[in-house]
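The values are calculated or read from the model by the stated rules, or taken from the named source; none is laboratory data. Since we're looking at a predicted model, the values are computed, not measured. Using ideal geometry, Cβ is built from the backbone for each residue, glycine included, and neighbour counts are taken over all protein chains shown. All accessible areas refer to the heavy atoms of the entire protein, side chains included, with ligands and DNA or RNA removed. Shrake-Rupley method; radii C 1.70, N 1.55, O 1.52, S 1.80 Å.
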Amino acid sequence: AQDAGDYTCDSGDQQTTASLQVKVLPVLFKKELKNVESEEGGTAVLHCEISKPDAPVEWRKGGVVIEPSAKYEMKLKGSVAELIIHGVEPDDC
């Protein structure tokens, strides 16, 4: 972290130094994904909330990373991550 390091208080005659260590907190889910249903040809939206705003997230389907495309749209608004699936088909399940 950029704030970690040694800090010194200097009185002119004396100095005292201390070290600051910053523990990086893990990104936790405040709201987990919920199951959704969508009609064929419709749009499905999955969303979850993470504990660290704007932390990068990765979406996967069946273990395979989903890349942004005309079908898959990813949004990250603060701490809410969304996956929008356009033109839902049965084999998207």
Amide H of SER79: which non-local residues (sequence gap of 5 or more, or other chain) have their own amide H closer than 5 Å, using H built in the peptide plane? ASP54
Can you give me the Cα centroid spacing of the stretch 1-49 and the stretch 57-93 in angstrom? 23 Å
Given unit charges at Cβ for Lys, Arg (+) and Asp, Glu (-), the dipole magnitude of the chain about its Cα centre in debye, nearest 20, is 180 debye
At most 14 other C-beta atoms within 10 Å and a DSSP loop state: those are the exposed trypsin sites (Lys or Arg not before Pro) I care about. Give me the longest piece of the chain that has none. 35-70
Using Cα-Cα distances under 8 Å and only pairs 6 or more residues apart, what relative contact order does the chain have, in percent? 24 percent
Over the chain, average the accessible area per residue using a 1.4 Å probe and give it in Å², no decimals. 81 Å²
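Quick one: with all protein chains in place, what share of the accessible area of the chain is carbon or sulfur, to the nearest percent (1.4 Å probe)?
Solvent-exposed carbon and sulfur of the chain make up 51 percent of the total.
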